[in-house]
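See structure below.
The values are calculated or read from the model by the stated rules, or taken from the named source; none is laboratory data. These numbers were taken from a predicted model, which means no experiment stands behind them. Heads up, the Cβs are rebuilt from the backbone with ideal geometry, glycines too, and the neighbour counts pull from every protein chain shown.
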Amino acid sequence: MTIIYSRYVEPVLTSEATSGKRSPKPPPRIWHAIDPPFKGYQPAPSEGYQQSSCDTAIVIDNGSSLVRAGWSFDAVPRLSFPPDVARYRDRKYNRTVSYVGYNAYADATTRGQLKNAFEPGTSVVGNWDAMEGLLDQIFVSLGIEGDNGGVGRPVLMTETLANLTYSRKTMSEILFECYSAPSVAYGIDSLFSYKFNRGSSGLIISSANASTQVIPVLNGKPIMSSVSRLNWGGYQGAEYLFKLLRLKYPTFPGKLTDYQAQEYVREHCYVSQDFDREMSGFLDWTGLEDRDRIIQYPFTEHVAIEKSEEELARIAERKREGGRRLQEQAAKMRLEKLVQKEQELEYYRDLQQRIVGQTKKETKRLLDEDEFKDEAQLDKMIKDMEKSVRKARNKDLGIPDNVEEEEVPSFPLLDIPDDQLDEAGLKQKRHQRLLKSGVEARARAKVEKEQERARIAEEQRLDDERRVNDLEGWLESRRASRATLLQKIRDRERQKADLGNRKSLASQMRMKTLANLASDQPGRKRRRGGDDDNFGANDEDWGVYRQVAMGEQSDDEEEEDLDAEMKNVEAQLLKYDPGFSESKTMAAQKDWTKSLMHAFLRGPRPFDSESQQETHQLHLNVERIRVPEVLFQPAIAGLDQAGIVDTAADMIGMSSPQDRNSVLRDIFLTGGNTLFKGFEERLSRELRAVLPIEASMRIRQASDPLLDAWKGAAQWSNESSFKLALVTREEYQEKGSDYLKEHNLGNTAAP
Amino acid sequence: MAPTTPAADDSHQQLLDQLDLILKPRAFRNTRWKPSQRRNKNIKQIVAEAARKEASVMATQDNSGSSTPNIQSSAIETGAATPIHMNGASTKSTISQAAQNLSTMVLERNLQASLSTGPIATYTNIESAPSLHPAHQKHYCDITGLPAPYMDPKSRLRYHNKEVFDVVRSMNQGTAEKYLEARGAHIVLK
């Protein structure tokens, strides 16, 4: 894929610069997340019941996405609602309540109790309590009075292709026993739809909510022995999208629901005409604006309250005032302390005065009173105090503390041999030695610092010299160091990532070390006899703890270093290397305009993770063609079945030549999942490709892929063949609940 | 949820009462209808039960043929055996025999029917077969859905390019497994 695209992107490095770019672009079109499909209270239409007679059938298209029901004389179904039932015990009123269809979406409580009548992902009824709820709702809404304790009308109901006997049996039981239906018939929805569109021989491709079925029909009779079902429909598509979005935005703050996923599939997905080509260019920048769909979930932006100029000034004034007060207080405290210190100093000076000329004993007594050991200590105390008082005074007056040259202390005692000193002298000598070594160490450090500075300056000078003399070589070395740094940064990132993974080499080494450290008696040591393992004798032994410490805390400073160094090297390269531009820096490489993942997650615009609005957005892009593609390539979603084209082509290939021609002349699409834009074209083109060249093929879509099943059923319920297919109550009682009369629009009886 | 005022609460309750199906008269329902508690079954259960039932019917058919000395009704009809004439007393046993023979007849007829028209379409056997077409072995990136020339041997995820690979490598085991699950390639522990 080589599409050269041009974008107007000036070297963008910071998000501030990119957000400024937004102003010339118009704001993107945003779709909003839909609310639960609650329709409010709808009064039951009752006039239908009065119009009906004992022979008027109640027609129910029992679909897994929407149940549709009406009278056989209706042109369109009167009722249409999802097969959801919320039946629970209301704690407040202590009674059982039951809400059916859209009513079950009335509020959060009812939505929480939602149960679907069908087994998930199939058109087979799985929850019969919910099914009874649906039937109740249908009969109530149709205004059936039930004067004689039953519905009193024949019931025509659709069922799935090759319905399970148990399922039909249970349905019959409910219809006959609970609702006392006089007679019941079943048929297949897609055959009804085909009948309504006046088809007689052809291939029905019905892609509905729970499955996709291919049914060949010859002269109005379905060839049941060669029907086929692909377990993929609108439900699975929505579920797949739901999964993909959950993986795409694992920390999405909004609540994504399945009815929303269904809506997105309906609204935004389409069948790609050339999936591979379109997919590989889907996230390219050209036109991504149009391909990317944004769905906004409700959010609350943290609005910073705008303060007026006046208010701001007032706040600043208040702050200043507070600061001033604090300063004053601090000054006062300082002054108080100073005064106290001065008083103390005065006292000690006085003490010093008093000591002069006293006897030794008296001196000792005076000193002891103030807890001094000897005169020297007193002197030192006075000296220290003088210093601190001076300092404080200077600070108060704002005079900079001029660093007076510290006089080099002398250590006279050190030169006198030990034997010439008494006990106190020895003590003092020791003290002086300590002091001296401290002073010397400081001096040494100072010199070393000087040297280091000189060395760095020298290095810098040499480096500059080298740059001037041999620019190419210098640049080469810089590039090399940049590469090493890059590698180091990558390694560090990998290591960090690896630490989280128990199976990584780094983790395993760490585990090994830990185990070694934890074991009390390593066998090797024991054999040698000694208990002591000499740990710590070598300085490097302690490095073990560095290894054991988990990542973060240990190499924090190093990390800073690497990034800073990188910046430094890159700055140098930028300055001197003509071939190195802004766009090659690491920061620019991380730029979102180059990132495929950014295009995938956030579309063609910058993303501000602080903005509540943007974090509450879903971007649908590749999903728009990825989800419907599963029908053509089920392997994408891990479905181990052949795609719709293969299945249809196999079926056509297996039939006899004359049958094949009549089937090919009418390929009929029905069901809500065929409504994707481009579905018919794609199917037609791909079928064409696998069919013999001379075969003529015609493909058409039902006039209304959603409602034609019901309409066909209603139409049939007025025909004479319907009367023959009805199983009456007497027949039910005599022949059992799994008794079925076969007809051309329904299933065959299982053995 | 925002706190609702009592008045609003009341109107909502009225709406709920309007919607509530239990409060509506449903005279068409049989008041003595007591459904079985265990009628909700999933497809797996139903299919397993059906298979078990079929197997047991087959078994009884075989047994009845070998253990009961009675001559099968069909054999009588076809003239393969002479009918035995029972005298008087045991009418009860004839009825049971007749019932048994009826079920055998039905089974035989069904067997013949299935032999003549081929296998009957059942819910399980109409599933379309796996595809063996090489064109459908294409690989797509598990994360972005773009064509995927590479596979990460560690997580077994397919990926589109270097950048996606970085993402793959930075994700933890659970996430990778979820991606695999979306493609149906995850490991199922049984």
Inset, instruction - Starting from residues that are assigned to a helix (DSSP H, G or I) and touching a strand residue (DSSP E or B) at 6+ places or on another chain (Cβ under 8 Å), keep the ones in the stretch A:171-192 and report whichever is farthest from the other protein chains (Cβ to nearest Cβ). - result: A:192
Inset, instruction - Output the qualifying pairs, or none if there are none: Cβ atoms under 9 angstrom, residues six or more apart or on different chains, first residue in the stretch A:717-741 and in the same structural domain as residue A:189 (by TED's automatic domain parsing) and in a strand (DSSP E or B), second residue modelled with pLDDT under 90 and among the acidic types (Asp, Glu). - result: none
Inset, instruction - Would you check which residues across the stretch A:149-163 are at the interface with another protein chain (Cβ under 10 Å from one of its Cβ atoms) and either within 40 Å of the chain's Cα centre (by Cα) or closer than 14 Å to residue A:66 by Cα (or both) and list them? - result: A:160, A:161, A:163
Inset, instruction - For residue A:480, indicate whether it is in a helix (DSSP H, G or I) and either at pLDDT 95 or above or more than 20 Å from residue A:565 (Cβ to Cβ) (or both). - result: no
Legend entry - Failed item in (1) surrounded by 19 or more Cβ atoms within 10 Å (Cβ to Cβ); (2) within 10 Å of another protein chain (Cβ to nearest Cβ), with residue A:668 passing the rest: (2)
Inset, instruction - Go over the candidates A:114, A:135 one by one and state the one that is more than 7 Å from every other protein chain (Cβ to nearest Cβ) and buried (at least 24 other Cβ atoms within 10 Å of the Cβ). - result: A:135
Inset, instruction - Could you check the stretch B:85-189 for helices (runs of 4 or more DSSP H) lying wholly inside it with 3 or more residues that are modelled with pLDDT under 70, more than 7 Å from chain A (Cβ to nearest Cβ) and over 27 Å from residue A:283 (Cβ atoms)? - result: B:91-117
Legend entry - Some residue of the stretch A:689-701 being of a type outside the set (Phe, Trp, Tyr), on the phi < 0 side of the Ramachandran plot and within 14 Å of chain B (Cβ to nearest Cβ): yes
Inset, instruction - Please give the helices (runs of 4 or more DSSP H) falling wholly within the stretch A:590-630 in which 2 or more residues are crowded, with 20+ Cβ neighbours inside 10 Å. - result: A:596-602, A:623-629
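Just one of A:435, A:414, A:426, A:421 is under 21 Å from residue A:374 (Cβ atoms), at pLDDT 85 or above and aliphatic (A, V, I, L, M); which is it? Write out each step before concluding.
Numbers: A:414 fails: at pLDDT 85 or above; A:426 fails: at pLDDT 85 or above; A:421 fails: at pLDDT 85 or above.
Result of the check over A:435, A:414, A:426, A:421: A:435.
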Legend entry - Residue satisfying condition, being more than 30 Å from the chain's Cα centre (by Cα) and either surrounded by fewer than 20 Cβ atoms within 10 Å (Cβ to Cβ) or in contact (Cβ under 8 Å) with a residue 60 or more places away in the chain (or both), within set A:146, A:101, A:121: A:146
Legend entry - Of all residues in the stretch A:636-652 being touching a strand residue (DSSP E or B) at 6+ places or on another chain (Cβ under 9 Å) and either among the acidic types (Asp, Glu) or in a helix (DSSP H, G or I) (or both), the one that is farthest from residue A:691 (Cα to Cα): A:636
Inset, instruction - Answer yes or no: is there a residue in the stretch A:245-265 that is within 13 Å of chain B (Cβ to nearest Cβ), aliphatic (A, V, I, L, M), under 28 Å from residue A:120 (Cβ atoms) and within 23 Å of the chain's Cα centre (by Cα). - result: yes
Inset, instruction - Go through the stretch A:559-583 residue by residue and tally those that are modelled with pLDDT under 70 and surrounded by 11 or more Cβ atoms within 10 Å (Cβ to Cβ). - result: 2
